[in-house]
Amino acid sequence: MSIENKVKEAFLDVLKVQENVYDSELAVGDIPEWDSVNHVKLLQEIEERFNISIDVADAIDIEDISDLILTVKKYTN
Amino acid sequence: MVSRDLKLEKSFIDALRKSVEYYPNKTALLDSSQEVTYQQLWNKILKTRCQLRKLGLNPKDRIAFIQSNSIDFIIIHFAIIANESISIPIEIGAKKETVEKIIKASGAKKIYIERKYTNLYQSESSAISDRASCLQDLLKDSETIELESADITDFNHSSENTSVILFTSGSTGLPKGVKLSQKNTLITIRNIKNFCSYSSESFEVIALPLSHSFGLGHVYAMLFSGGGAYLADGLVRIKKVLTAIRENKATGFPTTPAGVDLIMNSYAELFKQSATHLSQMVVNSAPLTPEQTHKLHSLLPNVKIYVYYGMTEASRTSFACLTELGSKYFKSVGKPMDTLKVKIDPKTSEIIISGPSLSSGYWPEDNFPTDKHKNPIIRSGDKGKFDENGYLYITGRIKDQINIGGYKVDPLEIETLLRKIEEVDNVAIYGDQSLNSTDQIICFVVFKGNKDNMELIEDFCRENLEHYKFPSEIIPIKKIPEGVNGKIDRKKLGEIYNNHISENKKLLN
């Protein structure tokens, strides 16, 4: 499965939103479900699914889906 | 530094006007896109007020709005109050159905919606569509207004009247509107200001939702002290919050126990590096546990940690500076405010509060009983006790209300809704309190014909419930435990849930 699809799957599982809500341009806070608590849960889920450990300095820069995908790519390459 | 006493100020507008007179060119507010001085804020409020009047919105009209934390939020809120209308801030993320109910219950004549949410609330329902306009369009149109001298002096407020209605979750699925007058709030703000020693040198980063009394109270406290505030849209963009704390040399950062957990568990070192000028943190919405207090105090030993006990109806009832009192009092919520009387019901241990800073009741006329001084008396729904030195401790709950990181949820609301699902025979909601920072909603469901279908429940919740009301776990069950009176036995539900957790742990081991 591609990184993009795996991120999408993690996002839908953690935030418990319908698939049509997901958009590659979606940013934190755009939907009520993407709040600070779910954001941390999402990062933990991403770390687990990709078997990576995201540095805090990188984690605080993640503000939208594309940041998330870029970060995963950075850590998996 | 000028410290002002609020007791002579008659209204929010008077209180704000004094700050404008003292500090016209000082920064009052910042958000992620703009910054305003006191004078600029004042002019924007007055212009927006004129625009509201021009549009036919009059004193006593209810005006609702949905706007995330920002300067725009404060402009519309104060403009409505300056217009002698009644401000109804609605929380971000409220479902369309909830907004419709609030409009219906309050009789709001108009609802202003932040531009990015206007599509979300597009509705065939006349309750929203007939009354909705984009807030940013209103503010833009207001800019063209030339203020005349009468617009600046023409205020005739009665601070006793309802100026703000804050809606909370009701037990029947109908939201309840807590009526707040300016007098209630000014007394509370004076108490906060004195207890926390706010002054014109104070600056807070406020990431709490401004549609709730905790967050809004901090903005009032800053503006009425001549201090400043950065309005952050929650903690989700944590980098912006940390940058705002650092760059503005913030002296205060009010938050919730869930916020404390988030910071301590994920961003502790970065927070410490940013908080170089931080002198105090007020933590509320749920009890801060002694463990959390110890951890926070170890990270920031020079920062005073305040907690208070309060509710929207009773605002701040008691205050404690835990770091001054010492660890012996870490479970306390402090001593009651001078203006309030707090008693414990000898039979039920329920905390009963009375005093002039309390709400008079729920909109429109569901008023609380009053004492001989005509002050409202509120039964809090919480159990408490006083120690020998007069410090108050919260010992439990009488109401079944669940506290999700500060959002109050009534189990009956979710149960009533889920019973509408055809495949559901019965349902019971349990509020698990085993976590430190927040309760969890556990949903027990009896499916008809034992045909379990969790996805169905999840989809229904997603469609019909605000996200914080979404159950953390959905557990199928054969029968809902009931007491002798036929009511749900929630204590038994707790036992079932604890057994369920233990079973799961065994399986994992």
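The residue pairs whose first member lies in the range B:123-150 and is among the charged types (D, E, K, R), whose second member is surrounded by 13 or more Cβ atoms within 10 Å (Cβ to Cβ) and part of a strand (DSSP E or B), and whose beta carbons are closer than 7 Å, counting only pairs six or more residues apart or on different chains, are B:ARG131/B:LYS110; B:ARG131/B:ILE111.
Just so you know, in the range B:25-59 the residues that are assigned to a loop (DSSP other than H, G, I, E, B) and within 23 Å of the chain's Cα centre (by Cα) include one that is nearest to B:PHE203 (Cα to Cα), and it is B:ASP31. Whenever a residue of the range B:9-30 is closer than 23 Å to B:ILE245 by Cα and of a type in the set (Gly, Ala, Ser), it has no partner that is at pLDDT below 90 and not in a loop (DSSP other than H, G, I, E, B) lying with C-beta atoms less than 8 angstrom away and at least six residues away or across chains.
One residue stands out among those in the range B:246-271 that are more than 13 Å from chain A (Cβ to nearest Cβ) and not in a helix (DSSP H, G or I): the one that is nearest to the chain's Cα centre (by Cα), which is B:PRO254.
Every condition in (1) in a loop (DSSP other than H, G, I, E, B); (2) within 14 Å of another protein chain (Cβ to nearest Cβ); (3) crowded, with 22+ Cβ neighbours inside 10 Å is met by B:TYR198 except one, and the failing one is (2).
When you look at B:THR255, is it surrounded by fewer than 22 Cβ atoms within 10 Å (Cβ to Cβ), β-branched (Val, Ile, Thr) and under 29 Å from B:LYS331 (Cβ atoms), yes or no? No; evaluated as a whole, the condition is false for this residue.
Out of A:SER53, A:SER66, one residue alone is under 9 Å from the mean Cα position of the chain (by Cα), at pLDDT 90 or above and more than 14 Å from A:LEU12 (Cα to Cα). It is A:SER66.
Test B:ASN25 against the criterion of being closer than 21 Å to B:SER199 by Cα, of a type in the set (S, T, N, Q) and either within 14 Å of chain A (Cβ to nearest Cβ) or touching a strand residue (DSSP E or B) at 6+ places or on another chain (Cβ under 9 Å) (or both), and give yes or no. Answer is yes for this residue.
Within the range A:32-49, no residue that is assigned to a helix (DSSP H, G or I) sits with its Cβ atom under 6 Å from a residue that is among the acidic types (Asp, Glu) at 6+ positions apart or across chains. Pairing residues of the range B:478-502 that are over 22 Å from B:GLU423 (Cβ atoms) with residues that are loosely packed, with under 15 Cβ neighbours inside 10 Å, at Cβ distances under 7 Å and at least 6 apart in sequence or on separate chains, gives B:ASP489/B:GLU482; B:ASP489/B:GLY483.
Put simply, of B:LYS110, B:LYS101, B:LYS116, B:LYS96 the only residue that is surrounded by fewer than 24 Cβ atoms within 10 Å (Cβ to Cβ) and closer than 30 Å to B:GLU204 by Cα is B:LYS116. If you go through the range B:278-322 and pick out every residue that is surrounded by fewer than 21 Cβ atoms within 10 Å (Cβ to Cβ) and among the hydroxyl-bearing types (Ser, Thr, Tyr), you end up with 4. Candidates B:VAL484, B:VAL427: the one that is in contact with a Cys (Cβ under 7 Å, 6 or more places away or on another chain), more than 30 Å from B:GLN292 (Cβ to Cβ) and of a type in the set (A, V, I, L, M) is B:VAL427.
In the range A:22-33, the qualifying residues are those that are at pLDDT 90 or above and farther than 13 Å from A:VAL7 by Cβ, and the one that is nearest to the other protein chains (Cβ to nearest Cβ) is A:VAL28. If you go through the range B:366-383 and pick out every residue that is buried (at least 16 other Cβ atoms within 10 Å of the Cβ) and not in a strand (DSSP E or B), you end up with 2. Annotation note: of B:MET222, B:MET281, the sole residue that is away from chain A (no Cβ under 12 Å) and not in a helix (DSSP H, G or I) is B:MET281. One residue stands out in the range A:34-58 among those that are of a type in the set (D, E, K, R) and more than 9 Å from chain B (Cβ to nearest Cβ): the one that is nearest to B:GLY93 (Cα to Cα), namely A:LYS41.
The lone criterion from (1) touching a helix residue (DSSP H, G or I) at 6+ places or on another chain (Cβ under 6 Å); (2) within 8 Å of chain B (Cβ to nearest Cβ) left unmet by A:LEU15 is number (2). Considering the conditions (1) at pLDDT below 90; (2) outside any loop (DSSP other than H, G, I, E, B); (3) within 14 Å of chain A (Cβ to nearest Cβ), B:CYS461 is excluded by exactly one of them, (1). Among the residues making up the range B:443-455, those that are part of a helix (DSSP H, G or I) and either within 21 Å of B:LEU493 (Cα to Cα) or within 14 Å of another protein chain (Cβ to nearest Cβ) (or both) are B:LYS448, B:ASN450, B:MET454, B:GLU455.
The values are calculated or read from the model by the stated rules, or taken from the named source; none is laboratory data. Here the structure is a predicted model, which means the values were calculated and not measured. We place every Cβ from the backbone using ideal geometry, glycine too, and count neighbours over all the protein chains shown.
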